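So the structure is just underneath, and the comments pick up after that.
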Amino acid sequence: MSNASQNPAAALVSRAAASTIHCLVVVDPIATLNGPVTVYMLDDNGDPNQGSNELNINAAIGDTIIFNITSLIPSWGCVLTTFTPGSGQAVITPTVTDGVWSGQVQNKGKLQYTLTFTINGTTQSFTWDPFITVG
């Protein structure tokens, strides 16, 4: 017999518990340097647009979202430099630690945000603007 069938309240608690959502931005550095910005976005939360250039992160209040960036060419490093919420009520206020951006979801809503990154230590910055939806 499962824990949920033995204790229905435990099942409710486990479904309501906050989760951590990992988002990965994969940059095609050659295409991006030649224009336009070319990224592929992934998360471990089941977004149906996995691997596309647009990711709509479905999250709940209390979830933590962690953003990492990598390059299709491993020797070409990419660094997330800023995370800027768009207009409207901020649903997440991220902080950075060792180039990894993370934050806890605070409010319901849909927010477009801007990720700014560099490629291979250049001073040129590139931006991308996916969405976070909190229901």
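Here are the numbers for the structure shown:
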read-out: When the range 13-120 is reduced to its Cα atoms, the Kirkwood hydrodynamic radius in Å; value: 14.6
read-out: Percentage relative contact order, the chain, counting C-alpha pairs under 8 Å, at least six apart; value: 23
read-out: Total charge dipole magnitude, the chain, about the Cα centre, Cβ charges on Lys, Arg, Asp, Glu only, Debye to nearest 20; value: 280
read-out: Unit charges at the beta carbon, dipole of the chain: most positive-side option, ILE66, THR95, VAL105; value: VAL105
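Every number in this text was worked out from the coordinates using simple rules, so none of it is lab data. Just so it is clear, the model here is predicted, and its values are computed rather than measured. Because the Cβ atoms are built from the backbone with ideal geometry, glycine has one as well, and the counts that use them run over all protein chains shown.
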